[in-house]
1. Determine which single condition HIS4 fails, assuming it passes every other condition in (1) part of a helix (DSSP H, G or I); (2) surrounded by 15 or more Cβ atoms within 10 Å (Cβ to Cβ); (3) at pLDDT below 80.
2. Condition first: closer than 17 Å to ALA100 by Cβ and surrounded by 10 or more Cβ atoms within 10 Å (Cβ to Cβ). Now tell me which residues in the range 73-82 satisfy that.
3. Out of the residues in the range 47-80 that are touching a Ser or Thr at 6+ places or on another chain (Cβ under 8 Å) and modelled with pLDDT under 85, which is nearest to SER8 (Cα to Cα)?
4. For the range 51-80, name all the residues that are closer than 14 Å to GLY114 by Cα and part of a loop (DSSP other than H, G, I, E, B).
5. List the number of the failed condition for GLN138; all other conditions in (1) more than 23 Å from ASP75 (Cα to Cα); (2) in contact (Cβ under 8 Å) with a residue 24 or more places away in the chain; (3) not charged (D, E, K, R) hold.
6. Quick check on this structure: which one of HIS53, HIS13 is of a type outside the set (Asp, Glu), under 23 Å from the mean Cα position of the chain (by Cα) and surrounded by 13 or more Cβ atoms within 10 Å (Cβ to Cβ)?
7. Inside the range 7-30, can you point out the residues that are modelled with pLDDT of 75 or more and of a type in the set (A, V, I, L, M, F, W, C)?
Amino acid sequence: MAWHAVKSQAREHNSGWSRLFEYFADSPGRAYTISAMAALREGFHDTRSWFTHTLTVRDGAPFVIGENGHWWLGDRIGATAPGDDTYTIRIDRVRELTLAWDRDQFPEWQPVIGDPTSNRDRAQRTLDIVSDLVSGVQELGVLA
């Protein structure tokens, strides 16, 4: 009862032979307690797959970027990440879009595909939202 071992059958099935075979999550307490469940959740979070990338695209070559164009902020697009030798097309929403230009070069868009903040744990993101809300209420003088 001192050790707690959990397998994710879905991850095992979807990962193939190149998955992490074992991951030891540090737990401050004993097995089968709330702190052990939190440690298991953290272990699943640390080993999950996520992806976000930035690329450079010229407007009109081949797609027109804009509200009335082919894609814009919030639209789902697919692209291969720079430096990815597998040429896997990753599809996600455009989260940020930056336009850069000067006199010597054509205007180029730099979209961020995927959510760079999604790497954080859901519970941590929720706690951040709650702390922002509480600090906002304190600034308004409603809460001492």
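The values are calculated or read from the model by the stated rules, or taken from the named source; none is laboratory data. Keep in mind the model is a prediction, meaning the values are calculated, not measured. In this analysis, Cβ positions are derived from the backbone assuming ideal geometry, glycine residues included, and neighbour counts consider all displayed protein chains.
1. Answer for HIS4: the failing condition is (1).
2. The answer is LEU73, and nothing else.
3. TRP50
4. Step one: list which residues in the range 51-80 are closer than 14 Å to GLY114 by Cα, which gives 51-55, 72-80.
Selection gives PHE51, THR52, LEU55, TRP72, LEU73, GLY74, ASP75.
5. Only one criterion in (1) more than 23 Å from ASP75 (Cα to Cα); (2) in contact (Cβ under 8 Å) with a residue 24 or more places away in the chain; (3) not charged (D, E, K, R) is unmet by GLN138, namely (2).
6. Just one listed residue meets the conditions, HIS53.
7. ALA10
Residues are listed down the side, and each one gets a yes or a no for (1) closer than 30 Å to ASP46 by Cβ; (2) polar (S, T, N, Q); (3) not in a loop (DSSP other than H, G, I, E, B):
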site: PRO82; (1), (2), (3): yes, no, no
site: ILE91; (1), (2), (3): yes, no, yes
site: LEU99; (1), (2), (3): no, no, yes
site: PRO111; (1), (2), (3): yes, no, yes
site: ARG125; (1), (2), (3): yes, no, yes
site: ILE129; (1), (2), (3): yes, no, yes
site: VAL134; (1), (2), (3): yes, no, yes
site: VAL137; (1), (2), (3): no, no, yes
site: VAL142; (1), (2), (3): no, no, no
